[in-house]
1. Return the carbon/sulfur percentage of the accessible area of segment 121-188, one whole number, probe 1.4 Å, all protein chains in place.
2. Enumerate by residue number the trypsin sites (Lys or Arg not before Pro) in segment 93-163 meeting two conditions: DSSP loop (anything except H, G, I, E, B), and at most 12 other Cβ atoms within 10 Å of the site's Cβ.
3. Using the Karplus curve 6.51 cos²θ - 1.76 cosθ + 1.60 with θ = phi - 60°, work out ³J(HN,Hα) for each residue of segment 176-185 in order, rounded to whole Hz, and write x for Gly and Pro.
4. HN-Hα J couplings of segment 49-61 from phi, Karplus 6.51/-1.76/1.60, θ = phi - 60°, integer Hz, Gly and Pro as x?
5. In 10 Å bins starting at 0, how do the alpha-carbon pair distances of segment 112-188 split up by percent?
6. So what's Rg/Rh here for segment 40-188, counting alpha carbon atoms and using the Kirkwood radius for Rh?
7. Once you have the Cα-Cα distance between Arg98 and Ala116, take 0.36 nm times their residue separation minus that, and quote the gain in nm to one decimal.
8. List every residue whose amide H lies under 5 Å from the amide H of Thr48, counting only residues 5 or more places away in sequence or on a different chain, with H placed 1.01 Å from N in the peptide plane.
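The values are calculated or read from the model by the stated rules, or taken from the named source; none is laboratory data. These numbers come from a predicted model, not from an experiment. Ideal geometry is used to build each Cβ from the backbone, glycine not excepted, and the neighbour counts take in all protein chains shown. Just so you know, the surface numbers come from the protein's heavy atoms only, side chains and all, with ligands and any DNA or RNA stripped out. Shrake-Rupley method; radii C 1.70, N 1.55, O 1.52, S 1.80 Å.
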Amino acid sequence: MSGDTTSHPTGANTGGAPRARPSVLAAHAALSALGALFFLGSFAYPWTTAEDGTVGPGALPRVAGLALAVIGAVLLYRERRTGTVLQGDGHVEDDTERSAEEHRAIRRKLVVVSAALVCTGTLIPFLGMLPALAVLTLFLTIGVERLRWPVALTASVGVLVVCYLLFVVLLRVPLPLGVFDPTLWSAP
């Protein structure tokens with residue numbers, strides 16, 4: 001399987017000992033830190049709603065943040081200890097297999113995705129959470145991944161429907177509605 005992980009075999013491009021890759025360590029540390037931030041930030045919101053005792057706005061970020069922090073820490077520990085790699089990557093550093101133009105393209109994508117995330121965060125108060133995520137998905141599938149319009153629209157609508165069913169219907173999490181908030185349009 002291409003997704004399986006194995007440890008570095010001794011002597012295969014590692015100088016005889018398992019070696020952790022700094023880029024993988026940084027990625028796992030960033031995931032763990034992001035999870036910890038979500039976990040800690042979730043305490044600003046109640047676990048349940050006071051009115052009816054249903055799941056509150058703090059439940060999802062608390063559980064997901066804790067899970068991400070723990071998984072990131074476990075992956076970080078495993079990488080430091082065994083130097084794991086994905087099967088099929090040849091047990092070599094990534095930098096040796098890409099040209100300078102490919103590295104520039106990867107950096108451009110990283111900048112575009114990062115800017116898109118920031119723009120999405122600024123759109124949430126105006127459009128609401130779900131439409132902003134749908135617009136982000138549409139932009140990323142068309143602009144970054146270069147998918148065809150029908151596929152990109154299907155993915156965007158799919159994200160919108162799945163997020164609505166999960167957060168609004170199932171978990172009843174009060175999400176920002178932006179301009180779609182009925183109280184905004186029903187002035188007395």
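1. Carbon and sulfur: 78 percent of the exposed surface of segment 121-188.
2. Passing sites in segment 93-163 are Arg98, Arg146, Arg148.
3. Result, rounded to whole Hz: x, 9, x, 5, 8, 6, x, 5, 5, 9.
4. The phi angles translate into 7, 6, 5, 10, x, 6, 4, x, x, x, 5, 5, x Hz.
5. So the P(r) values, bin by bin, are 19, 44, 29, 7, 1.
6. Result: Rg/Rh = 1.06.
7. 4.0 nm
8. Counting only residues 5 or more places away or on other chains, the set is Gly56.
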